[in-house]
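Comments concern the structure below.
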Amino acid sequence: MKKSVMFLVACAFQFGMAQTNNTVEDFPLRATDLVLFSFGMDNPLTIGTISDSGEITFNFPKDLNAITDDVKANFMSDTAFTLFSKCDNSYDMLSEDENGKAVNAGQISLSTKENPYSGLLSMVTDEALVPWLEDTYSNNAVTGSYFELVYMESDFNYQGECTSTVSNTENDTIITTYSYDLQLKAGFNFIEYKIESVLEHAIPSMYEEGVFDNIMKPSKIKVTSTQSVPPTIKWIGKYF
């Protein structure tokens, strides 16, 4: 009997540890909708809500029947462009049969009847990544993960690597290696970009000619996917 009780306690502990805490800390607004403008400002997609206390509840639409075929055609792109646009050889990475349609969902917006554009949510594991996401040229990257939502028209799997090469100065090139392990399903998916290492580069200043700023840039990023909400996400709000 004692062993059975201990077993149940252990199971309960593991179950509790597995739960995700999808909460925006110090949420200053009243309850709002979570909205995507993946198909333009005239076609908002509601994907969930935030309560007065900042608790997030997702309810992704099962299909895009509310979006017309013409609008989908305007906003959906090839899978290669959606997922691999940063790669030097993005258009050569998939065969024609593999290259279906997809769309990057963009940032999650906060919306109420009174203010349809109340704010935005960033999905990161370290709040220090938010300034870098807002301005990747001038701000430092740090190790950690940021997340994106994509909508896939059909299932898609991919394992492989690619390189992003950006000529920084005559004597310096920024090289980032992306390592992909994707199992995407038709519908909405979370994609995690885990910055595993960064390197310092001397970047020409945007404000003073002939001046260089030492900025940390990602050198290695691991890319994975999931259909469930990643438990490591910190939800960082920006309010208008």
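Summary table below
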item	result
Acute angle (nearest 10 degrees) that the helix 2-18 long axis makes with the longest principal axis of the chain, alpha-carbon atoms	40 degrees
Relative packing of peptides 228-236, 146-154, 69-77 - highest average C-beta neighbours within 10 Å first	146-154, 228-236, 69-77
Contact order normalised by residue count of the chain, Cα under 8 Å, 6+ apart, percent	18 percent
Cα gyration tensor shape for the chain, rounded if a/c is under 1.5, else prolate or oblate	rounded
3J(HN,Hα) from dihedral phi, segment 193-201, Karplus parametrisation 6.51/-1.76/1.60, rounded to Hz, x for glycine, proline	9, 9, 6, 8, 7, 10, 10, 7, 10
Under the Karplus curve 6.51 cos²θ - 1.76 cosθ + 1.60, θ = phi - 60°, whole-Hz ³J(HN,Hα) for segment 147-161, x wherever Gly or Pro sits	10, 10, 9, 10, 10, 9, 6, 8, 4, 8, 10, 7, 10, x, 10
Estimated vicinal HN-Hα couplings, Hz - segment 229-238 in sequence order (Karplus 6.51, -1.76, 1.60; Gly, Pro = x)	6, x, x, 8, 5, 9, 9, 10, x, 10
Segment 138-152-segment 163-240 distance, computed between alpha-carbon centres (Å)	6 Å
Dipole moment magnitude, nearest 20 debye, segment 148-211 about Cα centre, only Lys, Arg, Asp, Glu C-beta charged	260 debye
q = 0.11 Å⁻¹, segment 34-169: log10 I(q)/I(0) [Debye, one scatterer per Cα]	-0.52
Amide H contacts of residue 184 (H built 1.01 Å from N, under 5 Å, at least 5 apart or other chain)	156, 157, 158
Contact order relative to length of segment 22-110, as percent, for alpha carbon pairs under 8 angstrom and 6 or more apart	31 percent
Partners for residue 113 among aspartates and glutamates (Cα-Cα distance below 18 Å; same-chain residues under 8 apart left out)	33, 42, 52
Sulfur and carbon atoms: percent of accessible area, the chain [1.4 Å]	50 percent
Violating pairs (Cα-Cα greater than 21 angstrom) within the set 101/238; 86/217; 101/222	101/238; 101/222
Peptides ranked, highest mean first, by Cβ atoms within 10 Å: ranges 22-34, 213-225	213-225, 22-34
Extended-chain gain in nm, criterion 0.36 nm per residue less alpha-carbon gap, residue 31 and residue 133	34.1 nm
Share, in percent, of DSSP beta bridges within the chain that are antiparallel, nearest 5	95 percent
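The values are calculated or read from the model by the stated rules, or taken from the named source; none is laboratory data. This is a predicted model, so every value here is computed, not measured. Counting neighbours? That spans all protein chains shown, and the Cβs are built from the backbone with ideal geometry, glycine included. When the accessible area is computed, the model is the full protein with side chains, heavy atoms only, and any ligands, DNA or RNA have been set aside. Shrake-Rupley method; radii C 1.70, N 1.55, O 1.52, S 1.80 Å.
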